[in-house]
1. Where the second residue is in a helix (DSSP H, G or I) and the first is under 12 Å from Ser191 (Cα atoms) and lies in the stretch 289-305, which pairs have Cβ atoms under 6 Å and are six or more apart or on separate chains?
2. Going through the stretch 289-305 one residue at a time, which ones are at pLDDT 95 or above and surrounded by fewer than 16 Cβ atoms within 10 Å (Cβ to Cβ)?
3. Being surrounded by 13 or more Cβ atoms within 10 Å (Cβ to Cβ), under 20 Å from Ala210 (Cα atoms) and at pLDDT 95 or above narrows it down to one of Gly231, Gly285, Gly244, so name that one.
4. Can you name the condition, by its number, that Asp80 falls short on among (1) under 22 Å from Leu118 (Cβ atoms); (2) of a type outside the set (Val, Ile, Thr); (3) touching a residue at least 24 places away in the same chain (Cβ under 8 Å)?
5. Would the stretch 215-226 turn up any residue that is under 23 Å from Asp15 (Cβ atoms) and in contact with a helix residue (DSSP H, G or I) (Cβ under 6 Å, 6 or more places away or on another chain)?
6. Being farther than 30 Å from Arg4 by Cβ, touching a residue at least 24 places away in the same chain (Cβ under 8 Å) and of a type in the set (Phe, Trp, Tyr) is the requirement here; does Phe209 meet it?
7. With (1) in contact (Cβ under 8 Å) with a residue 12 or more places away in the chain; (2) touching a strand residue (DSSP E or B) at 6+ places or on another chain (Cβ under 8 Å) as the list, and Lys97 as the residue in question, which single condition is left unmet?
Amino acid sequence: MKKRTEEWLRQSDYDMDTADYMFQGGRYMYAVFLCHLAIEKALKGFYYERHRGFPPKSHSLVYLLNAIGIKPPEGPGKIDKDAMGSLLEMTGYHYQKERDLDLYVLNQKELLVLDNELKIYRTTAEDIALRKSPTVKEMVSIRNAIKILNDKDVVVSRKAETVVRIQKELIETLDLSFAAADIESLAADGSEALKNGYAEGVIEILSLFAELLGFQKAPKIFQLSHHHIWGALEQPRAEELRFGPLVMFSLIHNSLKMIQEPISSLDKESLEHFHQIAKREDHAGPVGDKVWDDLKKAVLEKHPH
């Protein structure tokens, strides 16, 4: 196995261990985020091992699978009924058996049939049973036959639409709150990653801080080679962007800097100063651990507990 492959997998294991730690502590938002990153890095390691080249700069798992040469399965496939049933029960839906059908009551008017079609109906359980599992006697009725052959009048959603709806409702049940200690721990992890030259770790934690602060990735005019940059973005008028406060992480120098004053896309002098700050090592503003401290303070001020 190539050394770069081993490094990708080492980082993947590190992120998965951290995700497990976050999950055990009830920090589910961070656990999901880190699980995605762990899979992404494992795939990038696989790509490097197979193609002997640097993997694509993408966070899409499907894109990476395709780049490796692994085609994800198409179509819905078979539903894992046990897993889906458990998820539905977590949201408070009530199970009901009707003939040979597994139904879940979503509210007084809607029912989900747990099968590979995952249809949600707005009708009664008896009507669904007639349409989905009719008796011979029921099928000989012309009126019933029309119902059996055409259910568009009562189907609310199916397949992917239903999955999206269930996913949204599950997310709404999660407690994604955090305490000051969580933010302090996050900043400490960022400081440690920066100290050890662990670029992926720095980027991950900056991404989390950016999400908490509503920061966005730098638009094109503020992008710099070999840098990851996030900041507050405003557009006061059609032809102008204002970016800042912002943080910039240099992959080449393993340096972290913050510019607190917003920069206008129309101010050439400010843009030049922005480029000079990226190049210099004597930036007068926050650098290194001071950036983590300022990010932590900003989050706690925006989300007081």
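The values are calculated or read from the model by the stated rules, or taken from the named source; none is laboratory data. From a predicted model like this one, the values you see are computed outputs, not experimental measurements. Here the Cβ is made from the backbone with ideal geometry for all residues, glycine too, and neighbour counts use every protein chain on show.
1. From residues that are under 12 Å from Ser191 (Cα atoms), the pairs are Asp289/Ser191; Trp292/Ala187; Trp292/Gly190; Trp292/Ser191; Leu295/Phe209; Lys296/Ile183; Lys296/Ala187.
2. Answer for the stretch 289-305, where residues must be at pLDDT 95 or above and surrounded by fewer than 16 Cβ atoms within 10 Å (Cβ to Cβ): Asp289, Lys290, Asp293, Lys297.
3. Values: Gly285 fails: at pLDDT 95 or above; Gly244 fails: at pLDDT 95 or above.
After ruling out the rest, the residue left standing is Gly231.
4. With respect to (1) under 22 Å from Leu118 (Cβ atoms); (2) of a type outside the set (Val, Ile, Thr); (3) touching a residue at least 24 places away in the same chain (Cβ under 8 Å), Asp80 is out only on (3).
5. No, every residue in the stretch 215-226 fails to be under 23 Å from Asp15 (Cβ atoms) and in contact with a helix residue (DSSP H, G or I) (Cβ under 6 Å, 6 or more places away or on another chain).
6. no
7. (1)
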